[in-house]
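Note sheet for the following structure.
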Amino acid sequence: MMQRIVWRAIAALVLMLSATMLAYALKPGANSAPQGDPVNLDALVPVSFGAWRVDPSVVPIQASPEVVDKLAAIYDATLARTYINSAGERVMLSIAYGSDQTGRLRVHRPESCYTAQGFSVKTTRTEALPINGGVEAKRLIATTGPRHEPITYWIRVGDSTVSGNIGQRLVQLSYGLTGEVPDGVIFRVSSIDRDAETAYGKHDQFIAELNDAMSLEARQKLIGGAGVSSTRG
């Protein structure tokens, strides 16, 4: 019994020391990579491409000054637009970019944001999109009253596209251990449609056409790909 207690104490000490060392390693150092030039999402994302163009009849809801200040503290740049195609179908695009993604982005996933606004959110699946060597996206359905909003989104942290909380944290940890500060993006498209599968097909078409229309720099910055961390959770 005494030997078992001793081993438990040793194990606890090792865990405490490991946690301390990890916390030190995760602290961005003076040698962290420079953040580079500010990102201009309005310039990176075209207002028209393929069959899509910005719908001028849809005026974005203006956030309160408190919300604006909170977003400014979290993200370096945000973009919200509604696009319409020749068939009159609409897709909402939302992008948030942050130059320092050592931990703060993970608490602002669409699941949390929609739930905070009174939506009921259900994850339908995680699916690899065949763009840029593979981007793993998450499919959601957010509902409130008669409104059904299928959602497709992904998060890019550094060079990796992550599809789950665990995968996101592992990527952030890997950067922390090297002293680098990764940037990151939440890229979300959604539409109002009671037929989720039809909506997801529309999302894929929209994303593919946008991808083809953007520069290589914009694709790497906003869509990512080829480095997918698919750990669920």
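The values are calculated or read from the model by the stated rules, or taken from the named source; none is laboratory data. Keep in mind the model is a prediction, meaning the values are calculated, not measured. FYI the Cβ positions are ideal-geometry reconstructions off the backbone, even for glycines, and counts take in every protein chain you see. Ligands, DNA and RNA are excluded from the accessible area calculation, which covers all protein heavy atoms including side chains. Shrake-Rupley method; radii C 1.70, N 1.55, O 1.52, S 1.80 Å.
Other residues whose C-beta falls under 13 angstrom from the C-beta of Val91 contribute a net charge of -1, scoring Lys and Arg +1 and Asp and Glu -1.
A simple rule links phi to the HN-Hα coupling: the Karplus curve 6.51 cos²θ - 1.76 cosθ + 1.60 with θ = phi - 60°, which for region 121-135 gives 10, 10, 7, 8, 5, 10, 9, 7, 8, x, 10, 6, x, x, 10 Hz, with x for Gly and Pro.
Count the net charge of all other residues whose Cβ sits under 12 Å from the Cβ of Asp55, scoring Lys and Arg as +1 and Asp and Glu as -1. Before the final figure, lay out each step's value.
Details: positive: Arg53, Arg81, Arg90; negative: Glu89.
Here the charged neighbours net out to +2.
Under 5 Å between amide hydrogens, built in the peptide plane, is the criterion, and for Glu136 it picks out Leu129 among residues at least 5 positions away or on other chains. Accessible surface comparison of His203, His148, probe 1.4 Å, protein chains only, largest first: the order is His148, His203.
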